Each structure stands twice: as C-alpha cells, then as structure tokens.
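Accompanying notes for the structure given below.
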Amino acid sequence: MKLWPFLVLLVTLLSATASLPSEALNVRGHLLKSKTFLSPPIFLRPGSVSNKWYFDIAFPRGHLALKSFNAEVVDERGVPVPLHETYLHHWVAEPYFAVKEAAAAAAAGEAQKRSKGILNRNSGVCKNTLGQYYGLGSETRHTATWVPDPYGIEVGNPEAPPEGYEEKWLLNVHAIDTRGAADKLGCTECRCDLYNVTIDEHGRRIPEDYTGGLYCCYDETRCKVKEGFSDGEVRKVFLRYTVTWLDWSDAVLPVKIYIFDVTDRALLEGKSEPACKVEYQVEACSSENRANNDCVHVQATKQILPRGGDIVFGVAHQHSGGIAASLHGEDGRLLCESVATYGEGQEAGNEAGYIVGMSTCYPKPGSVTVRDGEVLTVVSNYSSERQHTGVMGLFYILVAEHKKQQQQQLLPAAAGKPGLCFSFPVSCELSVSESLTF
C-alpha cells in the first residue's frame, strides 16, 4: 500500500486547520467547516465615507452552530488595507427573516402590505439598536470571536422563521477613507466641523452642541482633505469575512448574545425601557487633573440581564482613546474585563495610534454565573488627554442558559406568524433607519 497519497491528504488537512484554535481540531467528533466571503465592493476616494447596508449576503446555509466570524478590509488584490488609509469604524452582521420569493410571487398584493423582513435580533439588552450577532471596528484583526467548545450560536433553525419567510443575513460596513485627511483622528471620530454638515442623513438639523459622531459621518459624506487630494484616486475595497461553523446537533450547547451599552441611563433614571444611545463624548481633562496625571474619563451605567446562566465569552468595543471596559455583577464582582491594544507601526494590524485589538474573556464553564434579572454594571474608561467625539463603550457577552432554563423557554415556533416580532418587541419593518444603527 502506498502511503504518500494519505500523507499528502493529512498534511493538507493540518495546514487548513492550523489557523484555528487547537480545540477546533476535535469538537466532539463533528466536522468544523470554514469559508471566506467578500462583501460587495466599496468605492472610496480620499476623505469619503461609505456606510451601506448589504442584504442577502453570501453566508453558510443550513441549521448551524456558528463558532467564529472574523473580518478585515482588503483591496482588489486581497491585500489588507491599513487603518490609516481606510478606517473601519465598524462592521455588523445580523440575520433577518425575508419573505420567500415563491410566497411573494403567489400573493404579490399581500406581500406588498407585509414588511420586507423581520430582524432576528440578539437577546438584548437594547431594543431599538445594537441587535447584531457580530460586530467590531478597528480592532477586528486581533480580537477573538471564537465560541468555545461545546457551545455555539444557533442559526438557520428551519422552525424559527414565520410562515412564508426564510432566514438571510445582512451586513453593514462603515468605512472612512483617511488618505490625505486634514485631521485623520478627527475624521475617524466623525467631528462635524471636518465634515461640514449641519443636517443628518434623515434631513434633521444636527444640534449645535453635537460636536461629532455618527450623525456627521453618514454614507457619502466627506471629511476635509489636504490640498491636492480633492480629486484623489477612487479605490475599491471589500470586507473579507471568514465564517466558521458546525452543523447543529445535540452535542452543541446554545448560547444567547447580549450587548450592553454604557450610554443607557434608563435604569439609573428610574425608567423601565432601555435608552441605548450607542455613542457619547469624552471631554478633555481639566488642568488640575492634568497636573495630577489623572486624565481618565470613566463612564458607568447599570442594565438588567433578562436571563441568566454561565458567561462563556466576553469582549468590549471601544474607539481611539479607549483604555478598557469591564462588566460587573450586582454584588460588584468582576465578570469580565476587556483591555485595548494599540498598534506601534504602519502595517495593517499594527497601525500606530489605533486600537488594533481588544482582549477577551473565556471563563471556565460554570465559574462565572449570572442570574435572571440581575442588574449588571458596565464601566468604560477612556483617556481624556484630549477630547474624543463619537466614542463607544459596548460590552458583548455569550451566556449559556442552564438546562432547566432551556426547558422552560417557549419555542420560537409558538409565535411564528408573519409580521410578528417574536424575538424583539419593536417594529418588525426592516428598513435602513435608526432602528438599524450600530
């Protein structure tokens, strides 16, 4: 028997899995699958902004357990583009339920009356925003998204969509071309004076005290560039994303996704409904604090975790100036801390002055438990050596509910009617609006 064909196959398989976590080589005997996709092309010229939503993107199909979702910006040749040329403000990916083509063709009139889609949001805690399953920004190249064994994010359950609908995926990519920018950091922080805008993308006047943020760097706006760059070369880039998954089985334990937002002051103000604003502003520290070397801005809030269980993964999202963020239990115990890493060079993945990674938490299963309705505290720390506009302090966790909780939970199919938001209590209509804001 000739061994060389077997050896070649073995080497090929080992090479294909070398970039995955070691535990991925043996996930309870189930085959781990991975595939890389490209977003639609994104066209940018110096100073320009692209913040578009792409529906029905290329994505693995079937009843799956997602294990990771990694992404980065690349050019036409597949070469990674550094942040100091194209700043990745954020990307988000989320499933939604779309009307089946056959159903729409059979009853076109009725289909027109129904919503074009239903967002299949995560489990909380915000209601009108931050519904994504995955989402990162400049830190995307060095921030782990791996879901530890034996857990997985369940998608593609054939019983989940309402009758006449099917699951698809959408992608939002917010990229800012900073080649030749008059102020690179100011452009990435969406300072309104650099974008020369007074109305937002919905035609509403921007408040005079709003210095910078998402209202000023929407799709097709342009940041101020240096002389000679106004007619700069148009570049075509893509978001290249790699999805890793297992076929769903009883061997996989499902996890729920929760995203906490440090801007939500509702609970502190005695209000019952979350009020996630997503972004906030950090003012420069006072001369007194500067003299004491104490230029750290601390923002904290409290939010309610709807359902408890074991935290199996955690990570924060911050912008330039971010130091770290943490999540704490009701008794003050530390659940997870996520620390920012800054680059030190010019190459993609190590850009000086930019956050290029956020540390993650992988608690030993059963070691970090939270209960139903527990009030958690989110803390976000930024350097206040200078003003920072449009910053974020989000905390993303995966929670594995205990078996008793899973048995008590209602099946999604019980609410499977067209137009009914059985996964989130807000408007079902899928439109590119404030309800889809990152």
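Each reported figure results from applying straightforward, stated rules to the coordinates on display, with no laboratory input. All values derive from a computational prediction rather than experimental measurement. So basically every Cβ, Gly included, is an ideal-geometry build from the backbone, and we count neighbours across all protein chains shown.
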Value of relative contact order over region 231-294, rounded to a whole percent, pairs C-alpha under 8 Å and six or more apart: 19
Compactness of region 33-188 - radius of gyration and Dmax, Cα, Å: 17.8, 55
Rg followed by Dmax, in Å, when region 277-349 is reduced to its Cα trace: 15.9, 45
For region 250-302, alpha-carbon Rg and Dmax in angstrom: 17.7, 59
Over 19 Å [Cα-Cα, region 323-396], rounded percent: 48
Those chymotrypsin sites (Phe, Trp or Tyr not before Pro) in region 67-96 that DSSP places in a loop and that have at most 13 other beta carbons within 10 Å: none
nm² value of the averaged projected area, convex hull over the Cα atoms of region 204-320: 14.9
Per principal axis, descending, Cα span of region 186-226 in whole Å: 28, 21, 13
Ordering of 309-320, 168-179, 247-258, 349-360 by burial proxy (mean other Cβ atoms within 10 Å per residue, highest first): 309-320, 168-179, 349-360, 247-258
